[in-house]
Amino acid sequence: MLFQLVQDAGLRWGSSDVLVSNSRSVSFGKVASRARELVDVWSGFAGTRVGLTAAIGVDWLAAAAAIDALGSTAFLIPGDPTAPELRSFAEVYKLTAVLDAPALPTSVAQAPWQNASSSVVLFTSGTSGQPKAVLHTWESLASGIKRSDKLLGMRMLLTYDLARYAGLQVLLTALTNGATLCIPPSRNMADIVRTVIDEHVELVSGTPTFWRMLLANSADDQIRRMSLRQITLGGEAISQPILDALRTAFPAARITHIYASTEMGVCFSVHDGREGFPTDFLQGDALPVRLKVEDGRLWIQSGRSMAGYLNGPGDQSAASVRDTWFDTGDAVEVRGDRVYFRGRESSRINVGGEKVYPEEVESVIRRIDGVVDVRVSGLASAIVGQLVRAEIVPAAGVDAESLRRRVSEACREHLAAYKQPRIIQFVSDLAAVGTMKVQRRASQP
Amino acid sequence: MADDLRGVVIAMIRQVLSDHGRIVAAVLDEQGLFADGVGLDSLDLATLVVRLEQATGRDPFRSGECDRLPRTVGELVSIYRGKATA
């Protein structure tokens with residue numbers, strides 16, 4: 001299906017750019033012809049499992065399309081893995097090959113036939129816990145992609161790893177609609193700000209963490225020089241302050257927040273600039289998915305979901321979750337005509353038996369002047385199980401002791417005693433490990 | 001050295017209390033740690049233990065050297081001293 005999508009795009013928008021990076025670009029037509037070339041020389045990969053990393057560079061899309069055409073399974077390996085990591089990865093998942101350099105193989109010896117239908121394996125970000133291998137098809141990945149003439153020629157920024165669900169959504173949107181994907185030369189915020197301005201980027205999809213860092217790293221005149229028309233947030237809990245900050249910075253842009261997961265796909269999007277979502281979504285067939293609130297958590301039934309988890313090495317017979325109710329693990333609360341997210345069940349901190357959602361504490365701290373960003377997590381304690389810890393990125397030039405005092409005061413005013421962070425640390429960044437999502441792991445001090 | 005450790009423990013107790021805006025005049029060895037003495041609760045004690053680990057590199061409660069919570073300031077100091085003299 002990806003191969004067909006690439007060929008169709010090549011015919012329709014042949015000489016337009018699909019990818020731009022570091023002033024190098026590749027056209028739709030070039031990707032289509034490169035994919036055909038690779039199919040011709042890669043017959044040995046047919047029906048096997050092949051790993052792909054971002055190190056392939058501009059040929060990544062052509063390689064993924066060729067693997068699809070050969071009826072093989074593409075394992076999209078995220079991040080920047082080391083050689084030993086790749087070797088153990090290939091062993092665990094029984095991969096025929098891992099492609100991790102711009103120089104792709106020019107011929108492949110025949111391998112024993114394993115399966116005949118192409119699929120895609122990607123990995124959850126492991127925001128809370130171990131990453132899981134998730135089995136999709138290109139059809140299920142592309143099923144939520146919007147088609148709109150307005151997107152033709154639109155310039156989009158890639159803020160996600162291409163190997164992640166969100167990155168693939170951005171890529172498939174460009175491929176389906178003839179839009180151009182601009183890839184920043186690095187994950188450095190100054191480079192990203194420059195790319196947005198210099199490449200005249202109009203559509204950006206990123207996590208709240210990404211947007212907070214973009215706003216904190218852009219001068220007022222840089223914000224004015226940005227031509228954003230569509231701002232999309234997803235991947236983490238969306239709270240009102242970041243929606244308001246983006247509305248103020250970019251008054252002309254449409255602001256959308258999306259609820260999606262690697263497992264369930266895109267479930268719904270909200271455009272009214274308010275956190276949470278309308279209770280209308282819980283009823284009827286307003287959405288392509290069905291939602292319900294049970295035991296204080298959001299449950300989803302979706303035809304766009306994964307086929308299942310890959311249950312360990314060599315096993316593709318994962319239990320199907322498509323069209324069954326799936327517990328998202330997101331704690332929600334209905335107030336009036338709105339459903340609000342309280343936080344992830346799995347990131348909940350247990351302080352002497354009392355439950356604390358990091359998101360609630362973070363939203364109190366994030367409103368304080370001089371705080372760029374914050375992560376709240378549980379710190380193991382032999383006495384009370386876990387203690388609440390806040391790691392804070394302070395704004396430049398802020399006095400640490402006075403900020404610490406103001407944080408303590410705000411928390412005492414707005415939070416019950418057990419929710420107040422007992423350990424407050426100042427850090428230079430929150431080490432988002434390539435996903436631009438805050439990593440939540442209870443840790444030792 | 002031992003007296004330094006006592007000083008560190010007492011300074012940290014004062015710091016945890018001052019987080020709640022409370023100031024104590026004197027902290028004595030025989031004083032109780034909890035409601036009957038300087039007035040810590042279990043969260044305060046847990047906070048104190050994390051901060052003492054940051055200062056001394058040790059958590060005697062997690063490492064299993066200590067299977068019972070101390071009742072007085074002096075007992076807490078001697079728990080931390082335990083390893084120092086071993």
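Data overview
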read-out: Unique residue being within 14 Å of chain A (Cβ to nearest Cβ) and small (Gly, Ala, Ser) when the list is B:Ala26, B:Ala35, B:Ala46, B:Ala11; value: B:Ala46
read-out: Single residue of the range A:357-377 satisfying the filter (small (Gly, Ala, Ser) and surrounded by 19 or more Cβ atoms within 10 Å (Cβ to Cβ)) that is nearest to A:Arg405 (Cα to Cα); value: A:Ser363
read-out: Members of the range A:340-362 that are in contact with a Ser or Thr (Cβ under 6 Å, 6 or more places away or on another chain) and modelled with pLDDT of 90 or more; value: A:Pro358
read-out: Count - residues of the range A:51-89 that are within 14 Å of A:Ala101 (Cβ to Cβ) and not hydroxyl-bearing (Ser, Thr, Tyr); value: 15
read-out: Matching option when the condition is at pLDDT below 90 and under 25 Å from A:Val41 (Cα atoms), among A:Ser118, A:Ser143; value: A:Ser118
read-out: Residues of the range A:358-393 satisfying the condition of being farther than 19 Å from A:Trp211 by Cα and among the basic types (Lys, Arg); value: A:Arg389
read-out: Selection from the range A:376-403 of residues that are outside any strand (DSSP E or B) and either more than 10 Å from chain B (Cβ to nearest Cβ) or under 22 Å from A:Arg342 (Cβ atoms) (or both); value: A:Val384, A:Ala395, A:Ala396, A:Gly397, A:Val398, A:Asp399, A:Ala400, A:Glu401, A:Ser402, A:Leu403
read-out: Filter pass, B:Asp67 being more than 12 Å from the chain's Cα centre (by Cα) and away from chain A (no Cβ under 12 Å); value: no
read-out: Scan of the range A:421-445 for residues that are out of contact with any strand residue (DSSP E or B) (no Cβ under 7 Å at 6 or more places or on another chain) and either within 12 Å of chain B (Cβ to nearest Cβ) or at pLDDT 95 or above (or both), ordered by number; value: none
read-out: Residue check, A:Thr48 of a type in the set (Ser, Thr, Tyr) and in contact with a helix residue (DSSP H, G or I) (Cβ under 8 Å, 6 or more places away or on another chain); value: no
read-out: Boolean, A:Ser72 is within 20 Å of A:Phe3 (Cβ to Cβ) and in contact (Cβ under 8 Å) with a residue 60 or more places away in the chain; value: no
read-out: Neighbours by Cβ (under 8 Å, 6+ apart or cross-chain): first from the range A:183-198, farther than 22 Å from A:Asp80 by Cβ; second charged (D, E, K, R); value: A:Ile197/A:Arg225
read-out: Some residue of the range A:363-374 being within 14 Å of chain B (Cβ to nearest Cβ) and at pLDDT below 95; value: no
read-out: Residue ID - nearest to A:Leu168 (Cα to Cα), chosen from residues in the range A:54-87 that are of a type in the set (Val, Ile, Thr) and surrounded by 22 or more Cβ atoms within 10 Å (Cβ to Cβ); value: A:Ile77
read-out: Positions within the range A:387-407 being surrounded by fewer than 19 Cβ atoms within 10 Å (Cβ to Cβ) and either among the β-branched types (Val, Ile, Thr) or within 13 Å of B:Thr47 (Cβ to Cβ) (or both), in sequence order; value: A:Val393, A:Val398
read-out: Per-region count, the range A:57-103, residues aliphatic (A, V, I, L, M) and part of a loop (DSSP other than H, G, I, E, B); value: 5
read-out: Condition check for A:Ser227: outside the structural domain of A:Arg366 (by TED's automatic domain parsing), within 22 Å of A:Leu61 (Cβ to Cβ) and surrounded by fewer than 19 Cβ atoms within 10 Å (Cβ to Cβ); value: no
read-out: Condition met for A:Ala69 (within 22 Å of A:Asp8 (Cα to Cα), touching a Lys or Arg at 6+ places or on another chain (Cβ under 7 Å) and small (Gly, Ala, Ser)); value: no
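The rows are residues; the columns are (1) in a loop (DSSP other than H, G, I, E, B); (2) of a type outside the set (Lys, Arg); (3) modelled with pLDDT under 85; (4) out of contact with any Phe, Trp or Tyr (no Cβ under 7 Å at 6 or more places or on another chain).
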| site | (1), (2), (3), (4) |
| --- | --- |
| B:Leu5 | no, yes, no, no |
| B:Ile13 | no, yes, no, yes |
| B:Ser18 | no, yes, no, yes |
| B:Val38 | yes, yes, no, yes |
| B:Thr47 | no, yes, no, yes |
| B:Gln54 | no, yes, no, yes |
| B:Cys66 | yes, yes, yes, yes |
| B:Ala84 | no, yes, yes, yes |
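Let's see how each residue does on (1) in the same structural domain as A:Asn188 (by TED's automatic domain parsing); (2) modelled with pLDDT of 95 or more; (3) under 24 Å from the mean Cα position of the chain (by Cα):
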residue: A:Ser23; (1), (2), (3): yes, no, no
residue: A:Gly29; (1), (2), (3): yes, yes, no
residue: A:Arg34; (1), (2), (3): yes, yes, no
residue: A:Val41; (1), (2), (3): yes, no, no
residue: A:Ala46; (1), (2), (3): yes, no, no
residue: A:Gly51; (1), (2), (3): yes, yes, yes
residue: A:Ala55; (1), (2), (3): yes, no, yes
residue: A:Val58; (1), (2), (3): yes, no, yes
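The values are calculated or read from the model by the stated rules, or taken from the named source; none is laboratory data. All of these numbers come straight from a predicted model, not from anything done at the bench. Backbone-built Cβ (ideal geometry, glycine too); neighbour counts: all protein chains shown.
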